[in-house]
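Enquirer: Got a structure here, written out as structure tokens. Questions coming.
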Amino acid sequence: MLTPTLRIGDCAGGHRLENRGKNRDVMVVPPDHARPYLQTLHGESKDYTYINAVEVDGFRRKSEFIVTEWPKTSTLDSFWTLVFDHSCHTIVNLSNQGHSRVSSPFLWIMTVIRSH
């Protein structure tokens, strides 16, 4: 397993006061050099460009994938902004939300509307 060596200032964006509430765990934040920046203005935050995510190299090209935590209710708009800004065509959920004690929002409406 490869573990990058990071210095204290490498993850400064995630530790900024206005971004702390955007992380599920303040000890798990992305290094600034590897995180995707949000480009579309949204929300009231001073730092609307921040989301807890990292770009990961693939076999074919650099930054081929984006890995992020399951969004909180307060970061759901940032999640969809990330999907839009970076033209993400596929979303893969690797968490086991069915057994989680942490409340998490659904990414889309789960109600089926039937026409009569």
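Enquirer: Taking 0.36 nm per residue of sequence separation and subtracting the Cα-Cα distance, how much length would be gained by fully extending the chain between PHE65 and ILE91, in nm to one decimal? Don't jump to the answer; show the numbers that get you there.
Expert: Details: separation 26, 0.36 × 26 = 9.36 nm, distance 1.02 nm.
Full-extension gain reported as 8.3 nm.
Enquirer: Something else: Please work out the Kirkwood hydrodynamic radius for region 8-99, using every pair of different C-alpha atoms, and report it in angstroms with one decimal place. Mind dumping the intermediate values first?
Expert: Numbers: mean 1/r = 0.0725 Å⁻¹.
Radius from the Kirkwood sum: 13.8 Å.
A short reminder: the numbers here are calculations on the coordinates, not readings from a lab. These figures come from a predicted structure and were not determined experimentally.
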